[in-house]
Amino acid sequence: MPSEAGMVGPLAGFRVVDTTWAAAGPFTSEVASMLGAEVVKVETSTNPDLFRRVVGRPDLGLDQASRFNGLNLNKKSLRLNLKTQGGQEVFRRLVSCSDAFVENFRPGVLARLNLDYENLIKFRPDLVMVSISAAGQSGPDSGQPGYAPIFNALGGLGYLTGYSDGPPTEVRDSLDLRVGTVGAYALMMALLHRERTSQGQWVDISAREVTASLIGDAFIERSLSGEKPTRNANASGVPLAAPYDVYRCLGDDCWVAIGVTTDQQWVGLCEAMGRPDLARDPRFADRLTRHENRAELDIVVARWTERLRAAKVARLCRDNGVPSSPLHNGSSLFEDEHVRHRGVLREVQHPHLGSQQVVRGPWQLASRDVDLQASPLLGAHNSSILRDQLAYSDEEIAAFERQGVFE
């Protein structure tokens, strides 16, 4: 669907149907919405998006969750029960006038509803469909359900994350967003392919495989050495880098990251610490000896950083040519001058939550960025979509209502 006058963004003029929930799937379609696509989220109150519920507050309704708002910006909501015949009819008509469909049901669910790819392309032959699941649409594990902790375990990342003398570590929600980013990339590549060839396609994304793609170095290590890769805490993948870690600073749970990869940076760090003598110490004279004695070196660096504020450590390091930064938490990042200057945070007005600070897309376009709008209330766009886009009459909508299509 070509861009129309007045529409903004590289995906302006494209319509994406979205039946995803939780984080990975919704982030895929949210990226598309931030690039100008019209995204219609199809959902129901009988089995709502997991993130529509406020954790620990069962008394609150389905339009009160800030984390749902953060993952569903710029979308429209069509309340539709896909288990009813009428709901399936409406859904097929919606797909027939859309460009793409993103879903993260467990494999087999859509086939049972006759809404799988093979059925939908009868109504939209050049449809782009993106399916996101824990382990993909085929194979012995394809029916396995999963959220981020499962992706983390299945893909091998959890086993490699943590201290060498500690247990594997859960990565959690950031992994969902990485899967969602891959989903958005795949969606755009499939749409580009369709623009060039007029052919749609079904994209099968396995969250397990996305996770495994993040640890390619472990696969290489295993194939070359025959040894099982293990956890190594913050040890750098850069050969012989030391010191290369995070170090505690003055204050409550304050830390700084320092990464020394060259002899010149090591001399600079010694100057920053006020210890130029360390640059001549035979234990730390070159990259090889520093790496061999990195445990002792970490103690030396930590004794220096623990007496200073993280911002001062980072400034001293950078003034001497050493890569360094304080570790931000949610609060400090929110207040960071650079983040504010870049306009990373935007304000949206939500009907129930009021003013909300949200994160824009991680890019800046030469043309005008898409304005951000708050997430939709459940079913907020039923009337406009059914009447204006799908051309249903008031009588037909009333009949659907009696059949429970919108429950």
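Where a number appears in this text, it was derived from the coordinates with a stated rule and is not lab data. All of these numbers come straight from a predicted model, not from anything done at the bench. Positions of Cβ are backbone-derived with ideal geometry, glycine not excepted, and every protein chain shown enters the neighbour counts.
Going out from 0 in 5 Å bins, what whole percent of all Cα-Cα distances in region 261-312 drops into each bin?
Computed distribution, short to long bins: 5, 20, 31, 28, 12, 5, 0.
Taking only the alpha-carbon atoms of region 218-346, what semi-axes of the equivalent ellipsoid follow from 5 times the gyration tensor eigenvalues under a square root, in whole Å, largest first? Please report the intermediate quantities before stating the final value.
Values: eigenvalues 147, 97, 34 Å².
Working through the eigenvalues yields semi-axes of 27, 22, 13 Å.
With N denoting the number of residues in region 126-245, provide Rg(C-alpha) divided by 2.2 N^0.38 Å, to two decimal places. Before the final figure, lay out each step's value.
On the way: Rg = 17.3 Å, N = 120, 2.2 N^0.38 = 13.6 Å.
My calculation over the Cα atoms of region 126-245 gives 1.27.
Kindly work out what percent of the DSSP beta bridges joining two residues of the chain are antiparallel, to the nearest 5.
Working: 14 of 36 bridges.
Once the DSSP bridges in the chain are tallied, antiparallel ones form about 40 percent.
Sort 140-148, 102-110 by the packing proxy (mean of other Cβ within 10 Å over each peptide's residues), most packed first. The partial results should precede the final answer.
Working: 140-148: 14.9, 102-110: 19.8.
Highest mean packing first, the order is 102-110, 140-148.
Give me the dipole magnitude in Debye, nearest 20, for the chain about the Cα centre, with unit charges on the beta carbon: positive for Lys and Arg, negative for Asp and Glu. Walk me through the intermediate numbers first.
On the way: 44 positive and 50 negative charges, 46 e Å.
Dipole about the Cα centre, nearest 20: 220 debye.
With +1 on the Cβ of every Lys and Arg and -1 on the Cβ of every Asp and Glu, and nothing else charged, how large is the dipole of region 29-185 about its Cα centre, in debye rounded to the nearest 20? Show your work: numbers first, answer last.
On the way: 17 positive and 17 negative charges, 98 e Å.
In total the dipole reaches around 460 debye.
Please give every one of the lysines within straight-line cross-link reach of LYS122, meaning a C-alpha to C-alpha distance under 16 Å, and leave out same-chain neighbours fewer than 8 residues apart.
none
What are the ³J(HN,Hα) couplings of region 333-349, residue after residue, when phi is run through the Karplus curve with 6.51, -1.76, 1.60 and θ = phi - 60°? Round to Hz, x for glycine and proline.
5, 4, 9, 4, 4, 5, 4, 5, 4, 7, x, 5, 9, 10, 9, 10, 9
Stokes-Einstein at 37 °C, 0.692 mPa s, Kirkwood radius from Cα pairs: D for the chain in µm² s⁻¹? Please list the in-between numbers first.
Numbers: Rh = 24.3 Å.
D, rounded to a whole number, is 135 µm²/s.
Hey, how much of the P(r) for region 30-99 falls beyond 14 Å, as a percent of Cα pairs? Please list the in-between numbers first.
Values: 1571 of 2415 pairs.
Taking all Cα-Cα pairs of region 30-99, the fraction more than 14 Å apart is 65 percent.
Counting pairs of Cα atoms in region 300-351, how many percent are more than 18 Å apart? Before the final figure, lay out the partial values.
On the way: 638 of 1326 pairs.
Pairs farther apart than 18 Å: 48 percent.
Taking the chain as a Gaussian network, where each spring joins two C-alpha atoms under 10 Å apart, which residue of ARG53, ARG208, ARG15 fluctuates the most?
Maximum among the listed residues: ARG53.
About the Cα centre, and with charges only on the beta carbon of Lys, Arg (+1) and Asp, Glu (-1), how big is the dipole of region 281-407? Nearest 20 debye, please.
Approximately 1000 debye in magnitude.
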